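Comments concern the structure below.
The values are calculated or read from the model by the stated rules, or taken from the named source; none is laboratory data. Predicted model only: the values in this text are computed from it and were never measured. Here the Cβ is made from the backbone with ideal geometry for all residues, glycine too, and neighbour counts use every protein chain on show.
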Amino acid sequence: MDPERLIEVLKNSWGYSRMLERNAPYIIKREFGPSAAPLRNMVKDMGILTQLAKELDVALPTGKAAERIYALANEKDMASQDITALYLLLEQKQV
(Lines give C-alpha, C1' and ligand atoms only; values in the text may rest on other atoms or scores of the structure.)
Protein backbone atom coordinates (compact mmCIF):
# COMPACT_ATOMS: atom_id res chain seq x y z
CA MET A 1 0.00 0.00 0.00
CA ASP A 2 1.14 3.52 -0.79
CA PRO A 3 2.25 5.08 2.53
CA GLU A 4 0.94 8.52 1.61
CA ARG A 5 -2.49 7.07 0.79
CA LEU A 6 -2.47 5.14 4.07
CA ILE A 7 -1.72 8.36 6.00
CA GLU A 8 -4.52 10.14 4.16
CA VAL A 9 -6.99 7.41 5.13
CA LEU A 10 -5.83 7.39 8.75
CA LYS A 11 -6.08 11.18 8.99
CA ASN A 12 -9.72 10.95 7.97
CA SER A 13 -10.63 8.12 10.32
CA TRP A 14 -10.41 7.05 13.94
CA GLY A 15 -6.71 6.44 13.30
CA TYR A 16 -5.94 10.15 13.37
CA SER A 17 -3.76 11.47 16.20
CA ARG A 18 -1.27 14.22 16.87
CA MET A 19 1.47 11.58 16.83
CA LEU A 20 0.40 10.44 13.37
CA GLU A 21 0.45 14.05 12.18
CA ARG A 22 3.92 14.59 13.67
CA ASN A 23 5.54 11.27 12.76
CA ALA A 24 4.13 10.32 9.36
CA PRO A 25 6.20 12.83 7.36
CA TYR A 26 9.45 11.60 8.96
CA ILE A 27 8.61 7.99 8.14
CA ILE A 28 7.47 8.68 4.58
CA LYS A 29 10.59 10.77 3.85
CA ARG A 30 12.74 8.36 5.86
CA GLU A 31 14.26 11.26 7.79
CA PHE A 32 15.08 9.71 11.14
CA GLY A 33 17.76 11.90 12.60
CA PRO A 34 19.50 13.40 14.30
CA SER A 35 16.52 14.83 16.09
CA ALA A 36 15.25 17.27 18.67
CA ALA A 37 13.17 14.34 19.97
CA PRO A 38 15.85 11.64 20.18
CA LEU A 39 15.28 8.06 21.22
CA ARG A 40 17.70 8.48 24.14
CA ASN A 41 15.09 10.70 25.83
CA MET A 42 12.49 7.95 25.53
CA VAL A 43 14.93 5.38 26.91
CA LYS A 44 15.45 7.63 29.95
CA ASP A 45 11.75 8.45 30.36
CA MET A 46 10.59 4.85 30.03
CA GLY A 47 13.19 3.79 32.58
CA ILE A 48 11.85 6.35 35.05
CA LEU A 49 8.27 5.32 34.34
CA THR A 50 8.82 1.59 34.75
CA GLN A 51 10.90 2.11 37.91
CA LEU A 52 8.15 4.24 39.45
CA ALA A 53 5.55 1.64 38.52
CA LYS A 54 7.68 -1.03 40.19
CA GLU A 55 8.02 1.07 43.36
CA LEU A 56 4.25 1.63 43.45
CA ASP A 57 3.56 -2.04 42.68
CA VAL A 58 1.68 -1.13 39.53
CA ALA A 59 1.61 -3.61 36.66
CA LEU A 60 2.76 -1.90 33.50
CA PRO A 61 3.08 -4.60 30.82
CA THR A 62 2.89 -2.28 27.82
CA GLY A 63 5.31 0.16 29.45
CA LYS A 64 7.79 -2.64 30.04
CA ALA A 65 7.40 -3.78 26.44
CA ALA A 66 8.00 -0.24 25.20
CA GLU A 67 11.04 0.06 27.45
CA ARG A 68 12.54 -3.09 25.88
CA ILE A 69 11.96 -1.73 22.36
CA TYR A 70 13.56 1.62 23.21
CA ALA A 71 16.49 -0.20 24.83
CA LEU A 72 16.94 -2.29 21.68
CA ALA A 73 17.02 0.88 19.58
CA ASN A 74 19.58 2.33 21.98
CA GLU A 75 21.73 -0.81 21.68
CA LYS A 76 21.64 -0.42 17.90
CA ASP A 77 23.18 3.07 18.16
CA MET A 78 19.92 4.82 17.31
CA ALA A 79 19.99 7.04 20.42
CA SER A 80 20.33 10.33 18.54
CA GLN A 81 17.73 9.45 15.94
CA ASP A 82 14.13 10.60 16.05
CA ILE A 83 11.58 8.45 17.85
CA THR A 84 10.19 7.57 14.41
CA ALA A 85 13.35 5.52 13.80
CA LEU A 86 11.60 2.75 15.71
CA TYR A 87 9.87 2.16 12.39
CA LEU A 88 13.17 0.76 11.13
CA LEU A 89 13.06 -1.96 13.78
CA LEU A 90 9.55 -2.87 12.66
CA GLU A 91 10.58 -2.82 9.03
CA GLN A 92 13.50 -5.15 9.80
CA LYS A 93 11.18 -7.40 11.85
CA GLN A 94 13.31 -6.94 14.96
CA VAL A 95 10.29 -6.14 17.12
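Of the residues making up the range 77-95, those that are closer than 19 Å to A36 by Cα and surrounded by 11 or more Cβ atoms within 10 Å (Cβ to Cβ) are M78, A79, S80, Q81, D82, I83, T84, A85, L86, Y87, L88. Please enumerate the residues belonging to the range 48-70 that are surrounded by 15 or more Cβ atoms within 10 Å (Cβ to Cβ) and closer than 27 Å to P3 by Cβ. Hits for the range 48-70 are A66, I69, Y70. Is it the case that some residue within the range 34-44 is farther than 16 Å from T84 by Cβ and assigned by TED's automatic domain parsing to the domain that holds V95? Within the range 34-44 (the criterion being farther than 16 Å from T84 by Cβ and assigned by TED's automatic domain parsing to the domain that holds V95), the answer is yes, since at least one residue qualifies. Out of the residues in the range 1-49 that are in a helix (DSSP H, G or I) and polar (S, T, N, Q), state the one that is modelled with the highest pLDDT. Selected residue: N41. Of all residues in the range 24-39, those that are touching a residue at least 40 places away in the same chain (Cβ under 8 Å) and within 13 Å of D77 (Cα to Cα) have Cβ atoms under 9 Å from Cβ atoms of residues that are assigned to a loop (DSSP other than H, G, I, E, B) and not polar (S, T, N, Q), 6 or more apart or on another chain, in F32/M78; G33/M78; P38/M78; P38/A79; L39/G33; L39/M78; L39/A79.
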